[in-house]
Structure formats: structure tokens, C-alpha cells
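The structure under discussion appears below in the form of C-alpha cells.
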Amino acid sequence: MITSAHRADQKVLKIAELNRLKRQLRAEFVDTGTTLMRMKLESSIRDKVKTKGLNPSKTPPQKIKVTVKKD
Amino acid sequence: MVVKKGILNKLYIVVVLMALSFIVVVFKIFNLQYIEGDKYRKLSLEKTHRNDTIFANRGNVYAADGNLLATSMSKFNIRMDVMAVKSSVFERDIKALSNELSKMFKKPSSYFQKKLRDARKRKNRYLLIARNVGYNDYAKMKTFPIFKLGVFRGGFIAEQKTVRVHPIGKIAERTVGYDNHRGGAGIEGAFAEYMQGENGRRLKQKIAKGQWKPINDVNEKEPIDGRDVITTIDVNIQDITHHALLKQLEYFDADHGCAVVMEVETGEVKAISNLGRTKNGKYYEKRNYAVWESHEPGSTFKLASLMVALEDKKVDTSLVVDCGKGKIFVNNKKVEDSKRGGYGKISLARVFEVSSNVGIVKVIQKHYDKSPKKFTDKINSFGLGEMTGVKIKGEGKPFIRDPKDKSWSPISLEWMAWGYGVSLTPLQQLTFYNAVANNGTVVKPRFVKELRVGNKVEKSFDKIVLKEKIASQTTINKVRKIMENVVKRGTAKNIYSPNFSMAGKTGTAKKWIPKHKDENGKTVYGHYSSKYYTSSFAGFFPAKEPKYSCIVVIHKPKKEKGYYGATVAAPVFKEIAQKIYTSTPVDNQSISEEKEFASINKSYENYYTKLRKYKTIMPKVTGMVAMDAISLLENMGLKVKFSGSGKVVEQSIEKGNKVKKGATVYLKLS
């Protein structure tokens, strides 16, 4: 009886700790995700590669489908 | 006996006093236990039990491709209890701490040193170091000198709060919106009740370490998490739209502007940018102009006028219109073309291409002056007088003047023909242009694709057709071709590109200055300004089988730098169209005449099975081509050194041996 009450209390403490961890990890995830998102944006990439001489393409990429004739 | 009596008396007094105090105690006990008992029992319960609200998580806002647009996150305010640090520690580490702070916050180290020393002099126990610090920075700060000693010895105070953040930054900020003490705006405001969820309730009992343990309770309620909103916004198109619009706004020093990109068939809004100018010349998402600002559209409205005349079969696009010298008077009010000297005799199609005001006014006047209601009825049948009903709050009201209105004047019809005396929001104008691109079907602009909980879709929003067909296919085809020519050889030929097709209409509208008193107190009557314009461009691309429609409206560009729709607004359209064009791959099918080679297939199969089978045991690679053998072994984690070229003749590690990652193997090739 006492043991089960103690176990329940321990569970509560563990849940609280895991929740704290979860919030911490989530904050880290969103924070890093924000930085990544900003870096991913085409405008920031355009700026970064301009110094290397790369410019956005004037023509679209071409999808090439190859069909092979079977004997 | 007197002495004894005295003592007895004192004894009696003591007894009486004791009895009295005893009675008082009993009375008090009785009082506490029974009369005030309930109150204290309740108090004790409150200390150990409480009804806890379990806060529901607010839903997130996502873009169509899954990128996060808005979410709740912990942010920290960092403060310092300067007095908690021992003097020796303070003196020893203050320089190092200031250096770290200056690296993080880009302020000179001396600034922080001075700040900390001043705070110590003033015995500040709650000095603000930084606000709204993200998690990664907070974790870093915890390791700084002095701070790493913790709360009690380093004085490091971190206050956590949950704020709504926008990973994408300021782009589309107004459309993503917010929902707080300021009210509700954008998608967060419109979908607030979906995103809020419901708080739960649980009875909890206090246990050690400040924790509360939930107890079974009949009143308990599970919290319902808020839904996630998946919007239709495409982050990359939004990015380009925002920056293209910003560039033009900054160059022309405009007051504000907006750009909206819509998918023709579905009505999904792929990008929406609203930028307004601040006092110091920077632009930010001030108000949702695209949804809210109803204004006189000017020449972009000519599409509607032309379509009315064509649908009623009053005219054809080949009709010759005499625009004369470019100036006519209607009821003593001047209608002027932008070209000095006028266009002379040109076809109706050309009137539209060069945006001749005289031309369109003459045509509408001739056929509708006696029956203006026919004109306005047809305009309304296109859906132009109605709100689109978008979910975002605060849609501006459209206005198409009715001939029965008190404000209808003898020039109202003619003025409506070239876009004055009517009022539309950019989104309403775009909905109309989108319908023309969509073969006459008006679809409702949508910002939200679906509502989700976790990965489960709870509600999906599909395309909504507002009007099936607003005009015959012949009319639609004709005006689409004319709009393609506007870009090829008309007012927008500055944005023409041979690589991809665009179609649209420029608009340059004078702003109406209402009656007011100027700086000297003189009354200035309402008039059309020759200084302030609204430059716009509305259109779609590709010209044949349009995929996207787009409108750009820029208010009050600096006249000296330019004010025509073609110069101010059209370049934004072009940049968006170009970007979408270059990111959509073109299908190219090539049929190869080559035959399949059985031996090549066999050796590939061999390689592939070996690749799958061998992970830690050395395979037999002799006889294999060098490139197959090397890639096979390197995939297993080995370092390969080889000499010669061709097929593998010798392998330094025998087949069947166990190999560890990083081991070196020598191959001899011939």
C-alpha cells in the first residue's frame, strides 16, 4: 500500500522530469529549425553565392526520361 | 489561621484562574474543531490538493510544404543577481564573462564590464542581461564564466516564458498573424478557436519536491490539443515575392504595397506579401493591404469593361477606335492618354494593349451611355461587386456604383470604364483575373489547406467555386491573347522575356485626395492628385494554360523615379514568374535506341547482391571491375589502396575474413 503510493509519487516525478526534458528538446528543435529555415531560404542562398559568381538559372531544369527498346 | 487562609485564598485564586484558562482552552478547542472546523479543513485541503488546469498545446501553423510558420516556444529573459557573486570570483571572472557576452550580443566587452560593475555598486539583484533569448543561446549562456556557478553562487536568473515565434521571420508575418491582447489578425486570428484547443482539469495532491500528483476525480477532463493549420503558402514563392516587392518599394520610396500569388485552378494563395513604410524608411508587414485595402484600381479595371462590351457582342477586338490626339472631354471633364499626341485610329485590341483611356471611354460611352445599368449589371455578374469571403478578418468592401445611387453622375459610367469611381481590394481584383485565367470559373481564394492533429488530417478544405462561368470561352480566349500582347508589345513590354510567357494588364491610377485643409488652413477640394499614384500589375503565367495568377499593387511611388504600373509593379510580377518558371522542371522524353546488354546487367546484379550481403565479412572481389570493387569495399567502411587499373587480380584480405571498419585493404589491378 505504501509501496504503491511511493511508486506513484516516483512516477509523477519522472513524468515531470521527462516533460522538462521534452520542453527543452523542443525549444532546441525550434530554435535550430529557425536558423536552418532562414539559411534555407532562396534569398539568403542567392546572397551567399553571389560572391562566388553563381546566379539563379534563367532556364528551368529538364527532366529526361530514357526509354530503352527491348529486343 | 490567618496565614493559612491567605494561602488558601491564593490557592483558590490560582484554582479559579486555572479553571478559567482550562475553560477557555476547551472552548477554543470546541470552536476550532466544530464551529470553524470546516474552514480549517478546507484550508488544509487547499494546501495539499488543488484543481489543476492542464494547459492545452496551441496548434502550429505550417506552410504547404511542411515548413513551420508559427509555433509556441520557450524563450528566456536572462537576469543577474550581481550581489550573489563573491567579490573574489567577480573580480577574477568579470572580464571573461563580458567577453563572452560581447561575442553573443555584438556589443563591446567594455559595455558589459561597465554595466556589471555599475550594477554591483548600486547593489542590483535583478539586472537585466538579455531578453527573449532562444534556447540554444540560453544553453550557451549557462556555461559562461560566473553564470556557470548557477543561481546561488553565480547569480544566474533565467525566466522562462512561452511565446509565439515565426521561424520564417518577418516574411508573411501579417498573414500568419497573431492572436493575443492586440486582437486577432491573419490566420492565427481567423482560426483561433481551432488552434486553441481546450484546457483540461485534474485534481492533484501535493507530494515531495514541489510536485503535484494527479488523483482520480470525477470532474477530471482531458485537455484537447489545438489543431495545426496547414496553410497554402509556399515558402519559396513567398520568399521571392517578399524580396521582389521590397526591392521595388525601397527603390521607389513607396508608401506601401502588396503582392499576391494564387494558383489558378484551386484558388490556393501561394504567397502574399504586405509591406508598409515606417518613419525611418524601413518596410514591414504593417497591415494586410491585399485583403483589406479597397482602392480605385485604375487601368486594371479595363479588363472588366472590355469583357462587358465583348460579351454583349456590342464590339469586336478588331473594331477601329479613333483615339484622336489623345484627349477628349466628357461633361467638361478631361480624359487623357499617356502618350502625347494620342494613338490615332487603332483597333480595340490595341486600345487595351497600350491602355488608351480615350479609346475605352469612347467605346463604353457609345454603347452604354443610354443604358448604364446594363454595364453595371454585367460587371456585377463577373462577381466584382461581391466580397470574396476569405477567412482572414477585415476584408475590404468592394464598391461598384449603381446607376440608381444618389452619387451617380453623368460621368460615372465613363469613369468606371477606365477604373475610377469603383473600389476593389487587390485580392478581389486578383480573383477576377484568376477567373479569366481559369477559363471563366471564379474560385474563392484560400489560405488554409487542412487542419491536422499530429499527423491525422481532421478537416480538409477543397477548392470552392463561386461562379461557374462568367463569360463565354471566345471572350476569354480573346482577352487572354490581348493580355499576352500587353507584355509582348504593349504597356508592359519592358518585362517581356523570350524564355517564358506572361500575360496581364498594367494599371496607373491617380490617387483621390479628399477635401481637407492644407497647412495654411485653406480648404483644398477633393481632386485627383498628379503627384500620388497607385501603380499596379495584374496577370497570370504561362500565357497559355495558366498555372498561377498574380497581382502587385504599389501605392505612392516617388513620381520622379517612376509611377507607371509597368515600371513600378510589373517587375515584381516578372521576378515571381521567372522564379516559378525556373523551378518547374520541363519534361523531356528521349527514347534511346540502345539495346540492353546482358553482360552489363549481370555484372551489376553481381555487384548489387554483394553490396547487400557483405557487411563485415570480406567478399571475393577478384574478377570484379575496379570501380565496383572499390565502391563495394568502401561502403563496408574499408580504406582501399590500389595499384594499376582494370579488373581486380589480388586482394590483400582473403575472402571470408572478418573485417573491421577503417581497416586498409590493398587491391592489385591489371
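The values are calculated or read from the model by the stated rules, or taken from the named source; none is laboratory data. What you are looking at is a predicted structure, and each value in this text was computed from that prediction instead of being measured. Heads up, the Cβs are rebuilt from the backbone with ideal geometry, glycines too, and the neighbour counts pull from every protein chain shown. Side chains are part of the model used for accessible areas, which takes the heavy atoms of the whole protein and leaves out ligands, DNA and RNA. Shrake-Rupley method; radii C 1.70, N 1.55, O 1.52, S 1.80 Å.
Residues in region A:22-55 that are open to solvent by 70 Å² or more (accessible area, probe 1.4 Å), closer than 21 Å to B:Ile240 by Cβ and either within 9 Å of chain B (Cβ to nearest Cβ) or assigned to a loop (DSSP other than H, G, I, E, B) (or both): A:Thr35, A:Leu36, A:Arg38, A:Lys40, A:Thr51, A:Lys52, A:Leu54, A:Asn55.
Of all residues in region B:646-661, which are outside any strand (DSSP E or B) and open to solvent by 40 Å² or more (accessible area, probe 1.4 Å)? Steps first, answer last, please.
From region B:646-661, those outside any strand (DSSP E or B) are B:646, B:652-657, B:659-661; that's our starting set.
Residues satisfying the conditions are B:Ser652, B:Glu654, B:Lys655, B:Gly656, B:Asn657, B:Lys660, B:Lys661.
Selection of region B:1-40 for residues being outside any helix (DSSP H, G or I) and among the aliphatic types (A, V, I, L, M) yields only B:Met1. The residues in region B:413-427 that are over 21 Å from B:Lys478 (Cα atoms) and either assigned to a strand (DSSP E or B) or open to solvent by 10 Å² or more (accessible area, probe 1.4 Å) (or both) can be counted, and the count is 6.
Every condition in (1) surrounded by 22 or more Cβ atoms within 10 Å (Cβ to Cβ); (2) charged (D, E, K, R); (3) at positive phi holds for B:Asp253 except the one numbered (1).
Of the residues that sit in region B:131-148 and are more than 14 Å from chain A (Cβ to nearest Cβ) and surrounded by fewer than 17 Cβ atoms within 10 Å (Cβ to Cβ), which one is farthest from B:Ile94 (Cα to Cα)? Here the residue is B:Arg131. Note on region B:620-635: residues that are out of contact with any strand residue (DSSP E or B) (no Cβ under 6 Å at 6 or more places or on another chain) and surrounded by 19 or more Cβ atoms within 10 Å (Cβ to Cβ) amount to 2. Just one of (1) surrounded by 15 or more Cβ atoms within 10 Å (Cβ to Cβ); (2) in contact (Cβ under 8 Å) with a residue 24 or more places away in the chain; (3) within 14 Å of chain A (Cβ to nearest Cβ); (4) farther than 30 Å from B:Ala271 by Cα fails for B:Thr48. It is (1). Of note, B:Lys547 satisfies the criterion of being open to solvent by 90 Å² or more (accessible area, probe 1.4 Å), within 14 Å of chain A (Cβ to nearest Cβ) and touching a residue at least 40 places away in the same chain (Cβ under 8 Å).
Might you let me know whether region B:255-274 holds any residue that is out of contact with any Leu (no Cβ under 6 Å at 6 or more places or on another chain) and in a helix (DSSP H, G or I)? No, region B:255-274 has no match at all.
Has region B:107-124 got any residue that is under 37 Å from the mean Cα position of the chain (by Cα) and either under 21 Å from A:Arg23 (Cβ atoms) or assigned to a loop (DSSP other than H, G, I, E, B) (or both)? Looking for residues that are under 37 Å from the mean Cα position of the chain (by Cα) and either under 21 Å from A:Arg23 (Cβ atoms) or assigned to a loop (DSSP other than H, G, I, E, B) (or both), one finds at least one in region B:107-124, hence yes.
Taking residues in region B:160-185 that are part of a helix (DSSP H, G or I), and partners anywhere that are among the charged types (D, E, K, R) and open to solvent by less than 60 Å² (accessible area, probe 1.4 Å), the pairs with Cβ atoms closer than 7 Å and at least 6 places apart or on different chains are B:Glu173/B:Glu285; B:Arg174/B:Glu285; B:Val176/B:Glu188. The residue that is farthest from the chain's Cα centre (by Cα), among those in region B:529-561 that are in a loop (DSSP other than H, G, I, E, B) and under 25 Å from B:Ser294 (Cβ atoms), is B:Lys559.
Looking at region B:567-645, the helices (runs of 4 or more DSSP H) lying wholly inside it that each contain 1 or more residues that are hydrophobic (A, V, I, L, M, F, W, C) and within 12 Å of chain A (Cβ to nearest Cβ) sit at B:570-583, B:598-613.
Per the conditions (1) closer than 25 Å to B:Asn274 by Cβ; (2) outside any strand (DSSP E or B); (3) among the aliphatic types (A, V, I, L, M), the sole criterion not satisfied by B:Leu451 is (2).
Tell me, please, whether a residue that is under 20 Å from B:Gly389 (Cα atoms) and open to solvent by 10 Å² or more (accessible area, probe 1.4 Å) can be found in region B:277-285. No, the conditions are met nowhere in region B:277-285. If only residues of region B:72-90 that are of a type in the set (Gly, Ala, Ser) and outside any helix (DSSP H, G or I) are counted, the one that is modelled with the highest pLDDT is B:Ser72. Applying the criterion of being of a type in the set (Ser, Thr, Tyr) and surrounded by 15 or more Cβ atoms within 10 Å (Cβ to Cβ) to the residues of region B:380-412, the residue that is nearest to B:Lys463 (Cα to Cα) is B:Thr388. Residue count for region B:81-131 under the criterion of being among the aliphatic types (A, V, I, L, M) and within 13 Å of B:Pro145 (Cα to Cα): the result is 6. The listed residues are B:Ile78, B:Ile54, and the only one of them that is in contact with a Pro (Cβ under 7 Å, 6 or more places away or on another chain), closer than 30 Å to B:Gly134 by Cα and not basic (Lys, Arg) turns out to be B:Ile54.
Condition first: in contact with a Gly (Cβ under 7 Å, 6 or more places away or on another chain) and of a type in the set (A, V, I, L, M, F, W, C). Now tell me which residues in region B:436-463 satisfy that. Give the derivation first.
So in region B:436-463, the residues in contact with a Gly (Cβ under 7 Å, 6 or more places away or on another chain) come out as B:442-446, B:463.
Once the filter is applied, which keeps residues that are in contact with a Gly (Cβ under 7 Å, 6 or more places away or on another chain) and of a type in the set (A, V, I, L, M, F, W, C), region B:436-463 yields B:Val442, B:Val443.
Taking every residue in region B:469-493 that is touching a residue at least 12 places away in the same chain (Cβ under 8 Å) and pairing it with any residue that is of a type in the set (Lys, Arg), at least 6 positions away or on another chain, the pairs with Cβ-Cβ distances below 7 Å are B:Met483/B:Lys505; B:Val486/B:Lys505; B:Val487/B:Lys493. Selection of region B:227-254 for residues being part of a strand (DSSP E or B) and either at pLDDT 95 or above or within 12 Å of chain A (Cβ to nearest Cβ) (or both) yields an empty set. When B:Gly155 is tested against (1) under 30 Å from B:Ala244 (Cα atoms); (2) over 25 Å from the mean Cα position of the chain (by Cα); (3) surrounded by 15 or more Cβ atoms within 10 Å (Cβ to Cβ), just one condition goes unmet, and that condition is (1).
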